[in-house]
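A short write-up of the structure that comes next.
Every number here is computed from the coordinates shown, using simple stated rules; none is lab data. The structure displayed is predicted, hence computed values, not measured ones. A quick note on method: Cβ atoms are made from the backbone with ideal geometry, for glycine too, and the neighbour counts reach across all protein chains shown.
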Amino acid sequence: MFSQSFESMISMVYIPPLVKNECKNNSFSDISKYQIFMDAVSVINCSMFTGIIECTGTIVEIISSNNNLSFWIESPLSAGFSVDQSISHNGVCLTVEVVKENTHKVTAIEETLKKTNLQHWKKGTVVNIERCMPMNGRLDGHIVQGHVDTTAICEHIETLAGSWQYTFRFDKQFAHLVIEKGSISMNGTSLTCFNVTDSSFTVAIIPYTYEHTNIQYVQQGDIINIEFDIIGKYISRMHQLQRS
């Protein structure tokens with residue numbers, strides 16, 4: 001994890017001329033790689049999160065409409081939300097549609113339901129909530145887009161003296177995106193991987209995280225949302241293009 005003022009990162013917007021010079025010097029051998037780099041830089045212009053959970057909310061009502069599910073969620077922050085605001089729910093960026101007293105409503109479409117654990121939400125489910133990072137905020141976790149890549153299954157939980165270790169299993173096709181001591185977003189929480197294999201990893205949970213997120217409710221066999229590090233995904237894509 002790291003902590004850096006977003007204001008110090010915003011200067012990245014002015015990188016393009018420098019990158020163009022690098023292209024002329026063959027540091028970037030083709031325009032596709034240049035575009036990937038520019039796409040990575042553009043992340044700072046989008047709604048983004050840090051993986052530092054602000055509070056948890058509880059599902060109080062679920063409404064099914066065609067292939068979509070709408071959720072009414074009660075949370076300590078809901079009253080302060082505004083319509084059209086982007087909020088991370090278990091790591092999924094969803095748009096606030098309605099705010100009513102201490103509850104708010106969001107909708108997940110079929111594609112979102114297929115790739116996340118939202119399809120398993122029930123009345124009473126506790127979800128992690130984080131608002132977008134303000135432009136003058138601090139990046140205390142890591143860059144999280146709110147675009148869940150896949151899910152993982154809790155395989156083992158170990159209670160230690162003052163902390164917990166959770167081991168999760170994921171699809172091997174994503175093995176190249178999980179590295180030892182790398183960052184990963186789990187249900188929207190920024191955590192560090194260790195004991196990484198080609199299909200599993202472990203995370204350590206401190207008491208504060210345990211008490212202030214829904215990790216305390218995760219049991220063996222439960223499904224959690226995973227978003228891999230955006231920087232790793234761009235590097236992986238660049239290497240893929242180099243091989244093609």
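Computed from label points 7 Å out along Cα-Cβ, the spacing between Ala161 and Glu61 is 5.0 nm.
Once R0 is set to 51 Å, what does the formula 1/(1 + (r/R0)^6) return for the Cβ-Cβ distance between Glu180 and Ser86, expressed as a FRET efficiency to the nearest 0.05?
Numbers: r = 32 Å, r/R0 = 0.62.
After rounding to 0.05, the efficiency reads 0.95.
Pairs from the table (Lys100/Lys122; Lys122/Lys172; Lys100/Lys233; Lys114/Lys181; Lys123/Lys181) lying more than 32 angstrom apart at Cα are Lys100/Lys233; Lys123/Lys181. Look at where the Cα atoms of segment 68-83 and of segment 208-244 average out, and the two centres are 24 Å apart.
Using a Förster distance of 25 Å, how high is the FRET efficiency between Tyr208 and Arg169, based on the Cβ-Cβ distance and rounded to 0.05? It would help to have the intermediate numbers written out before the result.
Details: r = 26 Å, r/R0 = 1.04.
Efficiency at R0 = 25 Å is approximately 0.45.
Taking each residue as 0.36 nm, the span from Thr192 to Ser70 lengthens on full extension beyond its C-alpha to C-alpha distance by 40.8 nm.
Work out how much length Tyr234 to Val99 would gain on full extension: take 0.36 nm times their residue separation and subtract the Cα-Cα distance, in nm to one decimal.
Details: separation 135, 0.36 × 135 = 48.60 nm, distance 3.60 nm.
My answer for the length gained is 45.0 nm.
A cut-off under 15 angstrom between Cβ atoms defines the neighbours of Val99, and their net charge, with Lys, Arg +1 and Asp, Glu -1, is -2.
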